[in-house]
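> One structure follows; several queries about it will come next.
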Amino acid sequence: MSLRFLAIAQAELDEAIAWYGAQAPGLGQVFFADIIKALGRIERHPHTWPPLTPDLRRCRLMRFPYGIIYEPDELLVIAVAHLHRAPLYWRDRKV
């Protein structure tokens, strides 16, 4: 099974890539590479990270203050969340 994104989570990812890309040349690509590595870890071991809620988990990025909030059984990404802003803003999103 491969990862899927809610449309709003995909929009968050696109916005973050664009923002980092505007900060310094190549930084958006570095951010995206960190996302790809995290998504690979999630696909290989979806139940590794501790539960945030009964149905959701968070995998933190290695180099950026972001976490990927996902449903491990369906491999559905709920949010690509900046971890220093509005915690739990994504919790009402429907799985």
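> Once both labels are modelled 7 Å past Cα along the beta-carbon direction, what's the residue 2-residue 19 spacing in nm?
Each label point is offset 7 Å from its Cα along the Cβ direction, giving 2.8 nm.
> With N denoting the number of residues in region 4-82, provide Rg(C-alpha) divided by 2.2 N^0.38 Å, to two decimal places.
1.06
> To continue, here is another question. Is the shape of region 51-95 rounded, prolate or oblate, going by the alpha carbon gyration tensor and its root eigenvalues a ≥ b ≥ c, with a/c under 1.5 for rounded and a/b larger than b/c for prolate?
Oblate shape, in that a/c is at least 1.5 and b/c is the bigger or equal ratio.
> Residue 88 to residue 29: FRET efficiency via 1/(1 + (r/R0)^6), r the Cβ-Cβ distance, R0 35 Å, to the nearest 0.05?
It comes to 0.75.
> Sorted by packing (mean other beta-carbon atoms within 10 Å per residue), highest first, where do 17-25, 70-78 land?
70-78, 17-25
> Then there's this: What angle, in degrees between 0 and 90 and rounded to the nearest 10, separates the Cα long axis of helix 7-23 from the longest principal axis of the Cα atoms of the chain?
Tilt relative to the chain: about 30 degrees.
> If you count, for each residue, the other Cβ atoms within 10 Å and average over each peptide, how do 50-63, 3-16 line up from highest to lowest?
The packing order, highest mean first, is 3-16, 50-63.
> By DSSP, what percent of the beta bridges with both residues in region 4-82 are antiparallel, rounded to the nearest 5?
The antiparallel proportion sits near 85 percent.
> Can you give the net charge of the other residues whose Cβ lies under 14 Å from the Cβ of residue 32, counting K and R as +1 and D and E as -1?
Summing Lys/Arg as +1 and Asp/Glu as -1 gives -2.
> Between residue 62 and residue 43, what is 0.36 nm times their sequence separation minus the Cα-Cα distance? Round to one decimal in nm.
Going from the current span to full extension adds 5.2 nm.
Any read-out appearing in this document is the output of simple, stated calculations on the displayed coordinates, not a laboratory observation. Computed from a predicted model, the values in this text were never measured in an experiment. Backbone-built Cβ (ideal geometry, glycine too); neighbour counts: all protein chains shown.
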